[in-house]
Structures are given as C-alpha cells and as structure tokens.
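Derivation of every value follows stated rules applied to the coordinates shown; laboratory data play no part. Note that the structure is predicted; figures quoted are calculated from it, not measured. Here the Cβ is made from the backbone with ideal geometry for all residues, glycine too, and neighbour counts use every protein chain on show.
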Amino acid sequence: MYRYDELDRTLVRERAAQFGAQVERRLEGDITENEFKPLRLQNGLYMQLHAYMLRVAVPYGLLSSVQLRKLAHIAREYDEGYGHFTTRQNIQFNWPKLRDVPKILEELASVEMHAIQTSGNCIRNITADPFAGVARDEIEDPRPYCELLRQWSTFHPELAFLPRKLKIAVTGARADRAAIAVHDIGLRLVESPGGDVGFAVLVGGGQGRTPALAARIREHLPKRDLLSFMESILRVYNRFGRRDNKFKARIKILVQDLGPERFAEMVEEEHARTRDSALALEDEDIARVAAHFTPPPYERLGSSDTGFQGAMLRSDRAFARWVAADVLDHRQPGYAIVQLSLKSADLPPGDVTAEQMDAVAALADRYSFGRLVVTHRQNLVLTDVPVRQLRELWRELDEIGLATPNVGQLTDVVACPGLDYCNLANARSIDVAASIRERVDALEREASLGPVTLNISGCVNACGHHHVGNIGVLGIDKQGVEHYQLMLGGCSADDATLGNVLGAAVTGREIGGAVERVLRRYVELRAFPTETFLDTYRRLGPGPFKEAVYADHPKP
C-alpha cells in the first residue's frame, strides 16, 4: 500500500498542529462557533445532534493492521469504544471531545492517516472496488490511479472551494463494484479495440435530493491524460456550477442543465489547452506510484493445498454457509477473498467495537499479509487468505462476532446513523434496520431469498444510498412524525438503476411489515427459485408489490 514520503508526513503533521491552535482559540472564546465552523469542517469535524463527529479518510478503502489498531486505540481512548464504517469507505467517531480532536489527528498522523477533505466543498475521499488488486475479472489495478488522484486533489487551491462537494469512484474490473454510475465522476479502466488500457469517464451521477445516473463523456481516455482531463472537468464545474443555491450546486445539475453533449464539448475545449501541461502522466510517473501496490509474497499453492475444501464443506453446514456467502475467488491460485460482515444483530450496520478492530488487525497479520479493505457496503475484507486456512479463520471470526454469513443478502443492510446521531436526519435508521432484520430472518429460513440489497437513509441526503438498494427505505418527517418511503428496483452495478417510490410513506411501526410483504410477494411470484428479487421486480414492475403493501392500508 502507499507509504507517505517526507512531504506527506510534514503536511499532515503541520495540519494537525494548525488545527490544534484553532481549537485552542475556540475553547478560549477567541473565535465564535460560526468562525470556527469552516475551520473544523476542513478537518473532517462535524457537529451532530449530540456531539462532534470526526470523519477519518481511508483512501480507496485500504487499511493496514497497524492503522486499524490505531483506530481501535482512538475508539477506546477518545470515543465510546467503537467506530462506524461508512458508504465512502471512511470511518467515523461519533463522540470525540473537541479538546481531544487535535490529539486524535496527531495519533492518526503517526500511522499515515488524516481527516483532511472528508468534509467541505472539495474532492472527498476517493473510493474504489474493494477487491482491487485481487479480483479475477480485473483489467488493471485501479489503486495507483486513485492515489495519483488523491495527491493531485489534496490542497489543490483551485479545487478547495467548489460549488459543492465532489465524489469520485474508480474501478479496474469488468464488473462494477464501485458504484461509478452514482458518483459525481466515475472512472473505469477499459481496453480499446487495439488493446490499450485507458479510462471510460462518467460525470453527473449522484443521489441525494435529485438522484441521477452519470453520463459517459469519454469512451477511452489515455492514462497520460487522466489528471489533465479531470482538472478540465473541475474547471468547467468551477466556472459554471451553481453557487446561488446549494440544492442545485452539484455537478449533476450542471450536466443536466447543459446536456451531457454540451458539457463534454466544454470539457474537451478546456482539455485542449491543458493536456500537454505538467499534469501529463508519463509512464514513469505511473510506475512510481504503482510500485507501492505490488502483490504480497504469495506462496505457490496448488490443488493439493485446496483440495480438502470440498470434503470440509460437505461435513460442516455452518462453515459451508459462511463460505457460500462471505468468501470469493481470488486471482491467485490457492487464495480467497474473505468478507467480514459488520451486520450482526448485536450492533448497528457498519459499527465495530475497539476490541473487534484489534482482533481483526491480528487476523489480518496472521492470514492476510497485514492488510484489509473497507467496502462501500460498510463491511471489511481480508484480501489474501490461503484457502487451506479458511476454516481456522472462520472459527476465529465467529468468536468475535464477525462471521455472519449474509454478505450480499437481505440482512446485510446498509444504513446511515440517522436521527440517533445526525442533526440533518428526519428519522431513525438504526432501529428500522433492526426491525426489518427481525421480520425477515424467519422468512429467510423459510425460503431462500438470494441476493437482495436493502439500503436505509434517514434523510434525503442519502448517506445510506437508498436510491440504489434493490429495496430502499427513506426516512421523512410528516407533521412531526417519523415516516418511511419504500423504494424498489434500485441497483448500483453495471445495469445501474434508481429505485422507484412504491407508494405512500408508512410509519416506523409499519415499515418492517411492509418490507416483509414485498418479500413474500416476491417468493410467490419469482419464475424459478433462483430468480433474483431485482429480476423479478424488473419483469413484473411495481404493481403486484404495491398491492401487497397497500391492499389493507388506509388511504392517506
């Protein structure tokens, strides 16, 4: 993984020291909260409903075991003993005291981490395929390009005060696991007919108040032009993006207003002036950064090392369920990708305790070369586990509550913290996730539901990505009472679609039953036992599901 050079170390240490002085001025009353607000937001510090919240960047989701131990220490020493992994592959601490935040930033700097640009109208944490570097369907590892983008965008003076925040996702695989279609900018490594690898560029996706799917404005951008083309996009956005209305300030609104074709023309005109600038990436520039992402020292494992697996799976049904749900094929023979579900019944989605973080760090050292990844579905991944050690790892994960066999299934719920923490939220998300889980657990045992994604957001800002859940739940306020809109048909993969509102919002007491009725109707109507929920919905449309939910519901 990328290691800081002296410039990186100096920059992060100095930023922590600067913020320490700013916090001291606030505590002494030398500056007001309004004066302090832009300073704290530039350091990832939010004011939530009950306390400050610190959002820590995890670039492209990649963590070392050393870094995870530090996060566990911070959770234990400065917070309430846990952290919350987010849909941007970051981690949030919900209860830090203001006077402690500069110490936390110093601690983070000691392990090459920070909270810079996790808030504000700038380029946020750049996300990637969580299986980058190990996926069998990968054309090329996207992480070196994520790192180049991170270095280019950090403290870039022209990009520090954009019309609104901007989010970038990058994938190098044939299957999109980075949700690039619902990002402000999505980048996909693709091969040209002649075999050259470059980038397909998508712009104008996003969720929130006005959800949209991104438009493709370049089919094949040469690697050399990556940074200069990105800067051209941002210059057009900076010049023409709306600054008079924050609800119309995202780049998706500009793309819609101009039209994708005109927006693309303006970017190309700008790029014609800048493509041969100092931002041009030479082969040696890419190679320098790519050298940080060389494969670990894999053993040469053959069939004799993995052949026992079939007998073991046949003899142990619990182990077999976990492998089927949470383990994926690796590009290196004899190794596996192991997903750690943070969706047990004991904690809110995405939450992990300090003790679990310490334990996972130890497991990463023992089984996965000391590295792991955060996913945008709020889970963790051990990327490089020898197949022969899967059973041993499973037992240890089970002991710490992280072997729930449900990744990609209905109870693998994505949810924001909602009204329990966030002052922007209209409704609770954590309780709703627990309620739905309780209702559908029994149904899952009755009839296998297969892959179904369920996403919950407590407000229109869509931090829970409800628009792209196969089943999406949005919390709204109706005359002071928490209600929930039900959406169906969303998807963030290659065939990305935005979910459609099914009908009138229901109360918190009713939403669990509504989701259960949708799923029971799916089981009745699927064409064959393995037809997925999404395929069934796309085949039949909303009619039968709407009837199932609202047949006995009083009209609003």
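Structure values in brief
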| read-out | value |
| --- | --- |
| Percent antiparallel among DSSP beta bridges (both partners in the chain, rounded to 5) | 80 |
| Convex hull volume of the stretch 134-292 per residue (C-alpha atoms, cubic angstrom) | 119 |
| Derived scalar couplings ³J(HN,Hα) [the stretch 401-410; Karplus, 6.51 cos²θ - 1.76 cosθ + 1.60; whole Hz; x for Gly, Pro] | x, 10, 10, 5, x, 9, 4, x, 9, 4 |
| Volume of the Cα convex hull of the stretch 153-206, divided per residue and given in Å³ | 99 |
| Kirkwood Rh in Å, taken over the stretch 350-425 so that all alpha-carbon pairs contribute | 13.9 |
| The chain, relative contact order [Cα under 8 Å, separation at least 6], % | 12 |
| Rg/Rh ratio calculated on Cα atoms of the stretch 1-52 (Kirkwood radius) | 1.09 |
| Linear extension gain, Y298 paired with E438, 0.36 nm per residue minus alpha-carbon span | 46.2 nm |
| More than 47 angstrom apart: percent of Cα pairs within the chain | 9 |
| For the stretch 110-205, Kirkwood radius (reciprocal of mean inverse C-alpha pair distance, Å) | 14.1 |
| Order of S110, S448 - criterion: other Cβ atoms within 10 Å of each residue's Cβ, fewest first | S448, S110 |
| The stretch 47-55 - phi-based ³J(HN,Hα) in whole Hz, Karplus 6.51/-1.76/1.60, Gly and Pro as x | 9, 9, 5, 10, 6, 5, 10, 10, 9 |
| For R218, distant residues with modelled amide H under 5 Å away | V201 |
| DSSP bridge pairs, the stretch 414-550: antiparallel proportion in percent, nearest 5 | 70 |
| Cα-projected label distance for E392 with D8, points at 7 Å along beta-carbon direction, nm | 3.1 |
| Low-density loop cleavage sites - chymotrypsin sites (Phe, Trp or Tyr not before Pro) in the stretch 154-234, where at most 16 other Cβ are within 10 Å (DSSP) | F155, F161 |
| The stretch 303-399: proportion of alpha-carbon pairs further apart than 24 angstrom, % | 19 |
| Global size of the stretch 1-126 as Cα Rg and Dmax, reported in angstrom | 13.8, 42 |
| Amide proton proximity set for D351, modelled H, under 5 Å, gap of 5+ | F85 |
| Normalised alpha carbon radius of gyration of the stretch 414-550 [divisor 2.2 N^0.38 Å] | 0.99 |
| Fewest-first sequence of K70, K546 by Cβ atoms within 10 Å of each Cβ | K546, K70 |
| Label-to-label distance, nm, for residues given as T507 and L424 (7 Å Cα→Cβ offset) | 2.9 |
| Which of I456, I400 has the fewest Cβ neighbours within 10 Å, and the rest in rising order | I400, I456 |
| Unmatched cysteines, the chain - criterion: no other Cβ of a Cys under 4.7 angstrom | C122, C146, C422, C459, C491 |
| Antiparallel bridges, percent of DSSP beta bridges restricted to the stretch 134-292 (to nearest 5) | 80 |
| Over the stretch 213-355: Kirkwood hydrodynamic radius from C-alpha pairwise inverse distances, Å | 20.7 |
| Pairwise label distance in nanometres, R209 with R539, each label 7 Å out on the Cα-Cβ vector | 4.0 |
